[in-house]
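This is the structure I want to talk about, given as structure tokens.
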Amino acid sequence: MKKITILLIDDEPLALKRLARLLEDYTDTIEIIGSAENGLEAVGMIQKLQPEVIFLDIQMPGLNGFEVLQQLPDPKPKVI
């Protein structure tokens, strides 16, 4: 079974760690392929890694979550 690829995006390191910890129980169906700490980094990582799902913070330096989504071509990943 193919795992769902996930990218975590948040400017708070503790929030990234907590998200990763909360998702640990689901490693049989998901794979966390990386994390980004600001909007600009997020756009680059999404384009490079092409995750199927992103956990996206709204308020971040550089670009906020909505601006990140505007920068992405279609098809966009699912957003949580």
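What follows is calculated from the coordinates using simple rules that are stated; it is not laboratory data. The model shown is predicted, which means the values in this text are computed figures rather than measured ones. Glycine gets a Cβ as well: all are built from the backbone with ideal geometry, and neighbour counts include every protein chain shown.
Simple spin-label model, 7 Å along Cα-to-Cβ: Asp74 to Leu22 in nm?
About 3.0 nm separates the two model spin labels.
For every other residue with a beta carbon closer than 9 angstrom to the beta carbon of Pro61, add +1 if it is Lys or Arg and -1 if Asp or Glu, then tell me the sum.
Working: positive: none; negative: Asp11, Glu37.
Here the charged neighbours net out to -2.
Now for a different question. Going 7 Å from the Cα of Lys3 in the Cα-to-Cβ direction, what parts of the range 27-41 have a backbone nitrogen less than 20 Å from that spot?
Label zone hits: 27-36.
Which loop trypsin sites (Lys or Arg not before Pro) in the chain, with loop taken from DSSP, have no more than 16 other Cβ atoms within 10 angstrom of their Cβ?
Lys2, Lys3
Quote the Stokes-Einstein diffusion coefficient, in whole µm² s⁻¹, for the chain, based on the Kirkwood radius over alpha carbon pairs, a temperature of 25 °C and a viscosity of 0.890 mPa s.
In µm²/s, the coefficient is 196.
Which one, Gln47, Thr29, Leu14, projects farthest toward the positive side of the charge dipole computed for the range 1-55 from Cβ point charges (K/R +1, D/E -1)?
Thr29
Follow-up. Taking the Cα centre of the chain as origin, work out the dipole magnitude from +1 charges on Lys and Arg Cβ and -1 charges on Asp and Glu Cβ, in debye rounded to 20. Don't skip to the end; give the middle numbers.
Working: 8 positive and 13 negative charges, 44 e Å.
I would put it at about 220 debye.
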